[in-house]
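FYI, it's all coordinate maths here, none of it is from the lab. For clarity, every value in this text was computed on a predicted model and none was experimentally measured. Because the Cβ atoms are built from the backbone with ideal geometry, glycine has one as well, and the counts that use them run over all protein chains shown.
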């Protein structure tokens with residue numbers, strides 16, 4: 001494992017990338033309504049990227065693979081957890097739960113963040129799931145201070161979510177962010193109750209940059225992948241929400257990089 005601590009100009013560039021992520025979020029959020037399709041949301045994000053001389057980190061990822069991701073954003077609806085492919089055929093309906101994720105490359109550095117949103121009038125079930133998932137993200141952020149470890153971040157998310165009667169996805173996790181979209185360390189949203197040799201509580205140090213991204217299910221945390229080999233859904237068809245920020249660990253409170 002190689003964790004690259006960042007400071008100075010590197011953090012400034014990551015902050016700029018993060019601002020562009022936030023601008024993409026803002027533009028897409030304003031456009032979400034019944035009747036719009038997810039390809040249109042992708043096009044909105046692409047226009048924001050072009051305005052800021054930035055590139056989409058997801059497009060073509062993993063680079064050189066046989067099945068690279070074909071869009072700038074992921075758009076996942078209802079039981080879709082992550083990695084939904086935007087399409088003109090995916091038309092949003094009243095009451096849907098939509099999760100949007102985008103990674104941005106700016107001057108060689110990356111910002112990555114996601115949010116979930118209800119479409120039109122939503123049920124109390126959807127509203128509560130959104131509230132709990134976003135709050136769990138901030139529990140993880142608050143735990144991201146020197147002296148704590150990745151274990152503390154994971155348990156902060158898991159404990160909060162499970163106390164609300166929901167489950168956290170275990171097959172996918174947060175990750176280091178920097179010049180690459182996925183760097184060390186892995187940042188899970190749960191931690192095994194019994195000690196396991198492979199699970200090491202990596203200490204947090206100033207200069208670490210990573211994405212925390214709880215994926216929270218109304219039912220089981222079990223997942224499956226659709227035939228497109230990208231879209232991940234809940235195995236039991238239950239709803240799932242997803243929130244994510246890229247942060248920098250520093251002395252005192254962590255620095256959230258993917259906000260305006």
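Residues in region 141-171 near a label at residue 193, defined as backbone nitrogen under 14 Å from the 7 Å Cα→Cβ point?
Counting only backbone N, you get 159, 162-163.
With each run of n ≥ 4 DSSP H residues scored as -39500 (n - 2.57), what mean residue ellipticity at 222 nm is computed for the chain after dividing by its residue count and rounding to the nearest 500 deg cm²/dmol?
Values: 4 runs with 70 residues, N = 260.
Value at 222 nm, helices only: -9000 deg cm²/dmol.
Using a simple spin-label model with points 7 Å from Cα along the Cα→Cβ vector, what separation in nm is obtained for residue 251 and residue 66?
With each label placed 7 Å out from Cα toward Cβ, I get 5.2 nm.
Could you identify which residue out of 190, 230, 199 has the top mean-square fluctuation in a GNM of the chain using Cα springs shorter than 10 Å?
So, out of 190, 230, 199, the one fluctuating most is 199.
With a 10 Å radius around each residue's Cβ, average the other Cβ atoms per peptide and rank 21-33, 76-88, 56-68, highest first. Please report the intermediate quantities before stating the final value.
Working: 21-33: 18.5, 76-88: 20.6, 56-68: 13.7.
Top to bottom by mean Cβ count within 10 Å: 76-88, 21-33, 56-68.
If I take every Cα pair under 8 Å that is 6 or more residues apart in the chain, average their sequence separation and divide by the length, what percent do I get for the relative contact order? Kindly include the intermediate steps, with their values, before the conclusion.
Details: 662 pairs, mean separation 61.4, N = 260.
Relative contact order, the chain: 24 percent.
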